[in-house]
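Notes to accompany the following structure.
The values are calculated or read from the model by the stated rules, or taken from the named source; none is laboratory data. Bear in mind that the values here come from a model prediction, so they are computed numbers and not experimental data. Neighbour counts are summed over all protein chains in view; Cβ atoms, including those assigned to glycine, are modelled from backbone coordinates with ideal geometry.
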Amino acid sequence: MISLEDLSFSHGDGGDIFKNFNLTIEPGESWTVIGPSGCGKTTLLFLVAGLKKPLGGIVRVGGEKIQRPRPSTGLVLQDHGLLPWATIYENTRLGLKIRHYYGADGKHSPVDVEFDREKEEDRVHHWLSWLGIDHLKDMYPSQLSRGQRQRAAIARTLVLEPDLLLMDEPFSALDAPIREELQKVMNSFHKQSRLTSLTVTHDIEEAVVLGEKILVLSESCNSQAQVIDNHLFAAMDERNSPEFRKKCAQLHEILSGQRQISRGALQKGGRG
Ligand SMILES: Nc1ncnc2c1ncn2[C@@H]1O[C@H](COP(=O)(O)OP(=O)(O)OP(=O)(O)O)[C@@H](O)[C@H]1O
Ligand SMILES: [Mg+2]
């Protein structure tokens, strides 16, 4: 579903974030990405989403070389990005409206394409109900809690029926119980839909709960993907099991090891 081939990227003089980086994500897999702040997690999502262009190499999604954003890739950002003046219902329907105006291929077409309004309304209600916020549909984002707003942001993306879901620290601003509740929601969503997903997190437990594969990025240039297989994925109720704690400890060790290496590199003079 996603294939990164010899990907290279940097922001000007800041040193390489990715250098000849290769990664393959199969359809239906749920991946998480973890790594220290500034290591390139958001950059990776933006490259896959077609919002940034690689300096070298190729990004493919569904076999297609990505040169611009792709309509069937769904992106959920940390700060939910809801329009404050629109109700939750209108916000959730927004992407569908944009799609009517620009067409499913993202090309500008001033003539409204035919669409089944009733079917679309059902779809919006379906996802709002599924995420437990249909009763809030006439409220404005400022009238909702942060967890409810984040649910609305997810509903807005799922209404578009993406074939790939990218999420950048979607639950990081939430309190632990709400975060865990939404992680459960996403786990059961993945179980039902088998939608390919890539979720950035800085939370070790979240990486283990949401990722059947965990990509660990490092502060110094990412030239080799470090991927951890994780059969504890979706083990929400096993957070306190010795196996789960062991997996978290393993990730913690890798991340702390990287920090020491990059501190050494910084002392020697710079990134990469
Ligand atoms: N527009 C930009 N111009 C220059 N440098 C940038 C730009 N955007 C990001 N960077 C730099 O690129 C590096 C990677 O940024 P990125 O946002 O991908 O990190 P991240 O892993 O998502 O960090 P965080 O965990 O803090 O969100 C950082 O060093 C950052 O300062
Ligand atoms: Mg980021």
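Structure data summary
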read-out: Segment 135-176 - residue that is of a type in the set (Ser, Thr, Tyr) and modelled with pLDDT under 90 and, of those, surrounded by the most Cβ atoms within 10 Å (Cβ to Cβ); value: SER172
read-out: Near pairs, Cβ below 7 angstrom, 6+ apart or cross-chain, from segment 139-160 (within 15 Å of GLU90 (Cα to Cα) and in contact (Cβ under 8 Å) with a residue 24 or more places away in the chain) to any residue that is among the β-branched types (Val, Ile, Thr) and surrounded by fewer than 20 Cβ atoms within 10 Å (Cβ to Cβ); value: MET139/THR87; TYR140/THR87
read-out: Failed condition for LEU174, given (1) assigned to a loop (DSSP other than H, G, I, E, B); (2) under 17 Å from the mean Cα position of the chain (by Cα); (3) in contact (Cβ under 8 Å) with a residue 40 or more places away in the chain; value: (3)
read-out: Residues satisfying the stated conditions in segment 177-206, i.e. modelled with pLDDT of 95 or more and either more than 15 Å from the chain's Cα centre (by Cα) or of a type outside the set (S, T, N, Q) (or both); value: LEU198, VAL200
read-out: Segment 36-50, residues that are out of contact with any strand residue (DSSP E or B) (no Cβ under 6 Å at 6 or more places or on another chain) and either away from ligand 2 (no atom under 16 Å from the Cβ) or over 12 Å from LEU166 (Cα atoms) (or both); value: PRO36, SER37, GLY38, CYS39, GLY50
read-out: Residues of segment 221-245 that turn out to be more than 25 Å from ALA173 (Cβ to Cβ) and in contact with a Leu (Cβ under 9 Å, 6 or more places away or on another chain), as a count; value: 8
